[in-house]
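Structure first, then comments.
The values are calculated or read from the model by the stated rules, or taken from the named source; none is laboratory data. Quick caveat, the model's predicted, so the values are computed rather than measured. Please note: Cβ atoms are built from the backbone with ideal geometry, for glycine as well, and neighbour counts cover all protein chains shown.
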Amino acid sequence: MAKKVILDVDPGLDDAVAMCIALFDPRLEVVAVTAVGGNVPPHLATRNVQAIIEQLDPPRWPRIGAASPPDHGLPVDGRFMHGIDGLGGCNFEVAELRTPHPSEKLICDEVRAAPESVSFVALGPLTNLARAFQRDPELPHVIDRVVMMGGAVSGPGNITPAAEFNIFCDPESARAVFRSPSTKTLIPLDVTNRIMFSFDLLNQLPDESRRVGSFLRKILPPAFRAYRQEFGLEGIHLHDTVALTALLEPQWFETKEMGGDVETMGELTMGATVFDRRRRPAWRQNMEVAFDIDAPQVIEAIIRNLNAAGEIKA
Ligand code: RIB
Ligand code: CA
């Protein structure tokens with residue numbers, strides 16, 4: 001039985017690669033893809049979700065949720081890494097820009113439609129999920145589980161010295177989700193940074209005659225260029241794709257129960273994720289946190305799953 005999931009994304013190149021797997025993997029039934037502002041402004045995140053789905057034309061089209069700005073606006077965006085359009089400057093057309101339901105409403109509807117059966121994969125800021133929990137206070141008990149890409153436990157941030165991008169974009173929402181009674185798994189930078197794809201990835205993609213293969217060949221070269229220009233690296237991270245893999249193939253991840261929270265006030269530490277790692281922790285353990293990863297197996301799984309997606313006939 002395929003696992004029902006909602007993908008919450010701020011595409012974003014690594015979000016887009018995660019969508020290439022999720023929308024074709026027979027282990028998943030993507031009931032909705034909900035856009036959230038982050039890497040790009042909300043309206044562009046919504047447009048990019050539609051553009052990606054049109055490019056991929058998956059066997060089953062998910063419902064699409066429209067992003068809206070977080071309560072305090074977005075403090076930053078990721079266009080220095082993901083390109084001015086968020087998708088490597090590919091300027092994908094969108095056939096018909098429909099006016100989807102707000103993401104938070106769609107989340108409530110889809111979770112309520114299948115109680116305790118829908119997992120939420122958060123690959124961007126946690127604005128939508130926090131709003132869905134505000135809209136339906138029982139939802140944390142109705143959702144099956146939440147898998148989040150975000151935060152850092154012992155390593156540095158990536159958008160500030162203290163904060164990881166997704167959390168930094170909307171710390172209040174992240175705190176609300178961390179403190180919610182939902183079942184949560186966090187995939188932090190500590191593990192996603194351990195996965196680096198070399199240029200060899202471009203030789204290991206599905207055939208370009210396939211929609212997934214053609215799409216990946218368009219969006220990945222700009223990602224490699226951005227990593228070289230910004231960091232002088234000859235390779236790329238795919239943080240969101242790693243987080244999705246934690247849902248699909250958890251055997252390659254080691255997690256432990258931890259008590260975690262989010263700094264929402266600090267001048268220097270705004271958006272930092274803080275975990276009680278004292279000898280005798282006093283904070284309530286509120287999530288599973290990935291702390292180790294079988295990096296070669298995860299890299300192999302991502303390449304295998306991308307090629308499997310390329311084999312599915314639309
Ligand atoms: O810190 C990595 C996260 O920030 C990823 O979700 C990436 O897409 C960006 O949103
Ligand atoms: Ca993302």
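Within the stretch 213-272, take every residue that is among the acidic types (Asp, Glu) and touching a residue at least 24 places away in the same chain (Cβ under 8 Å) and give me the one that is farthest from residue 285 (Cα to Cα).
Looking at residues that are among the acidic types (Asp, Glu) and touching a residue at least 24 places away in the same chain (Cβ under 8 Å), I get 234.
Filter the stretch 196-214 down to residues that are assigned to a helix (DSSP H, G or I) and within 21 Å of the chain's Cα centre (by Cα) and give me whichever is nearest to residue 232 (Cα to Cα). Spell out the reasoning first.
Pass one, the stretch 196-214, residues assigned to a helix (DSSP H, G or I): 199-203, 211-214.
Now narrow it down to the ones that are within 21 Å of the chain's Cα centre (by Cα): 201, 212-213.
Values: 201: 18, 212: 28, 213: 26 Å.
Taking the candidates together, the pick is 201.
Can you tell me which residues in the stretch 124-156 are out of contact with any Cys (no Cβ under 9 Å at 6 or more places or on another chain) and within 13 Å of residue 32 (Cβ to Cβ)?
128, 129, 143
For residue 31, only one of the following conditions fails: (1) part of a helix (DSSP H, G or I); (2) more than 14 Å from ligand 1 (Cβ to nearest atom). What is its number?
Against the list (1) part of a helix (DSSP H, G or I); (2) more than 14 Å from ligand 1 (Cβ to nearest atom), residue 31 comes up short only on (1).
Could you go through the stretch 277-284 and let me know if any residue there is surrounded by 14 or more Cβ atoms within 10 Å (Cβ to Cβ) and outside any loop (DSSP other than H, G, I, E, B). Explain how you work it out, then say what you get.
Residues of the stretch 277-284 surrounded by 14 or more Cβ atoms within 10 Å (Cβ to Cβ): 283.
Applying the additional criterion that residues be outside any loop (DSSP other than H, G, I, E, B) yields none.
No, the stretch 277-284 has no match at all.
Checking the structure you have, find out if any residue of the stretch 51-65 is in contact with a Leu (Cβ under 9 Å, 6 or more places away or on another chain), away from ligand 1 (no atom under 16 Å from the Cβ), farther than 19 Å from residue 217 by Cα and aromatic (Phe, Trp, Tyr).
Yes: one or more hits.
Is at least one residue of the stretch 165-173 of a type in the set (Asp, Glu), over 22 Å from residue 293 (Cβ atoms), away from ligand 1 (no atom under 12 Å from the Cβ) and surrounded by fewer than 18 Cβ atoms within 10 Å (Cβ to Cβ)?
Yes, the stretch 165-173 contains at least one residue that is of a type in the set (Asp, Glu), over 22 Å from residue 293 (Cβ atoms), away from ligand 1 (no atom under 12 Å from the Cβ) and surrounded by fewer than 18 Cβ atoms within 10 Å (Cβ to Cβ).
Pick out the one residue from 176, 122, 130, 163 that is out of contact with any Leu (no Cβ under 7 Å at 6 or more places or on another chain) and under 20 Å from residue 63 (Cα atoms). Before the answer, list the steps.
Details: 176 fails: under 20 Å from residue 63 (Cα atoms); 122 fails: out of contact with any Leu (no Cβ under 7 Å at 6 or more places or on another chain); 163 fails: under 20 Å from residue 63 (Cα atoms).
The unique qualifying residue is 130.
Mind checking which pairs have a first residue in the stretch 192-211 that is without any contact (Cβ under 8 Å) to a residue 40 or more places away in the chain and a second that is among the hydroxyl-bearing types (Ser, Thr, Tyr), Cβ under 7 Å, 6 or more apart or different chains?
Close Cβ pairs satisfying both conditions: 208/214.
For the stretch 109-127, state whether one or more residues are buried (at least 19 other Cβ atoms within 10 Å of the Cβ), within 20 Å of residue 148 (Cα to Cα), more than 17 Å from the chain's Cα centre (by Cα) and not hydroxyl-bearing (Ser, Thr, Tyr).
Looking for residues that are buried (at least 19 other Cβ atoms within 10 Å of the Cβ), within 20 Å of residue 148 (Cα to Cα), more than 17 Å from the chain's Cα centre (by Cα) and not hydroxyl-bearing (Ser, Thr, Tyr), one finds at least one in the stretch 109-127, hence yes.
Kindly indicate whether any position in the stretch 304-314 is loosely packed, with under 13 Cβ neighbours inside 10 Å, of a type in the set (Asp, Glu), in a helix (DSSP H, G or I) and on the phi < 0 side of the Ramachandran plot.
yes
Which condition number in (1) within 14 Å of ligand 2 (Cβ to nearest atom); (2) surrounded by 23 or more Cβ atoms within 10 Å (Cβ to Cβ) is the one that residue 42 fails?
All conditions pass for residue 42, except number (2).
Of the residues that make up the stretch 237-249, is at least one β-branched (Val, Ile, Thr) and surrounded by fewer than 24 Cβ atoms within 10 Å (Cβ to Cβ)?
No, the stretch 237-249 contains no residue that is β-branched (Val, Ile, Thr) and surrounded by fewer than 24 Cβ atoms within 10 Å (Cβ to Cβ).
Looking only at the stretch 60-114, filter to residues that are in contact with a Gly (Cβ under 6 Å, 6 or more places away or on another chain) and part of a helix (DSSP H, G or I); which one of those is modelled with the lowest pLDDT?
Taking the candidates together, the pick is 82.
In the set 254, 267, which member is farther than 20 Å from residue 163 by Cα and out of contact with any helix residue (DSSP H, G or I) (no Cβ under 7 Å at 6 or more places or on another chain)?
254
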